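Each value in this text was obtained by applying a stated rule to the coordinates, not by laboratory testing. Predicted, not measured: the structure shown is a model, and the values here were computed from it. Cβ placement follows ideal geometry from the backbone for every residue including glycine, while neighbour counts extend to all protein chains displayed.
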Amino acid sequence: MRCPFCAHDDSQVKDSRPTEDGAAIRRRRQCEGCAARFTTFERIQLRELTVLKSEERREPFDRDKLLRSVSIAARKRPIDALRLEKLVSGIQRQLETLGDCEVTSKRIGELVMDGLKALDSVAYIRFASVYRDFSEARDFEEFAGAVHEVKG
């Protein structure tokens, strides 16, 4: 594993343990060049996924990008980081088991919407505001009203 500090090619694993949700292995490493320590995560990947964007552009699936967008929607909400990790891992697993190497960004967005709806209504509305491109306060009101009716 290349050192993120000095780019030396070799590092030594000092500690290895599963993450709390069991979906990854956390490894503490030490660079053999500069002795800096850093952490890596090893996850199961069933297949390489390509995301088909709305404008016909393609890009590799990026789990970290998905986690960042879900985390932004959930910012300052009483949601444990482990629950967000589990949500993203579950979405990734669903995508990988679909049997197709290409998945639309729309499909990913719908899976996130479903997951956040069950997790936290405010995070759900925040994500929807970006995903569905709300342009006016009325868009928020209508969507929040629909969410309230479903919950109420």
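Amide H contacts of residue 20 (H built 1.01 Å from N, in plane; Pro and chain starts excluded): no residue 5 or more places away or on another chain comes under 5 Å.
Gain on full extension, evaluated as 0.36 nm per residue between residue 132 and residue 9 minus their Cα-Cα distance, stands at 39.9 nm. Compared with the dominant Cα axis of the chain, that is its longest principal axis, helix 121-131 is turned about 90°. Across the stretch 1-110, the mean sequence separation of Cα contacts (distance under 8 Å, 6 or more residues apart), normalised by length, yields a relative contact order of 21 percent.
Could you give the angle, 0 to 90 degrees to the nearest 10, between helix 137-151's Cα long axis and the longest principal axis of the Cα atoms of the chain? Helix 137-151 and the main axis of the chain meet at about 90 degrees. Residue-wise HN-Hα couplings along the stretch 63-76, as the Karplus relation 6.51 cos²θ - 1.76 cosθ + 1.60 with θ = phi - 60° gives them from phi, are 4, 5, 5, 5, 4, 4, 5, 5, 5, 5, 4, 9, 4, 6 Hz; Gly and Pro carry x.
Here 11, 16 are placed in order of increasing Cβ neighbour count within 10 Å, fewest first, which gives 16, 11.
Against the main long axis of the alpha-carbon atoms of the chain, helix 105-119 sits at an angle near 80°.
For the chain, the number of Lys pairs separated by eight or more positions or lying on different chains, with C-alpha atoms closer than 16 Å, is 6.
Would you work out the relative contact order for the stretch 1-43, in percent, from Cα pairs under 8 angstrom that are 6 or more residues apart?
About 35 percent, as a whole number.
Semi-axes of the chain's equivalent ellipsoid from the Cα gyration tensor, sqrt of 5 times each eigenvalue, largest first, rounded to whole Å?
On the way: eigenvalues 242, 69, 43 Å².
Sorted largest first and rounded, they come to 35, 19, 15 Å.
In this structure the amide hydrogen of residue 50, modeled in the peptide plane, comes within under 5 Å of the amide hydrogens of 61, 102, 103, none closer than 5 places in sequence on its chain. Among the cysteines of the chain, 101 have no other cysteine beta carbon within less than 4.7 Å of their own.
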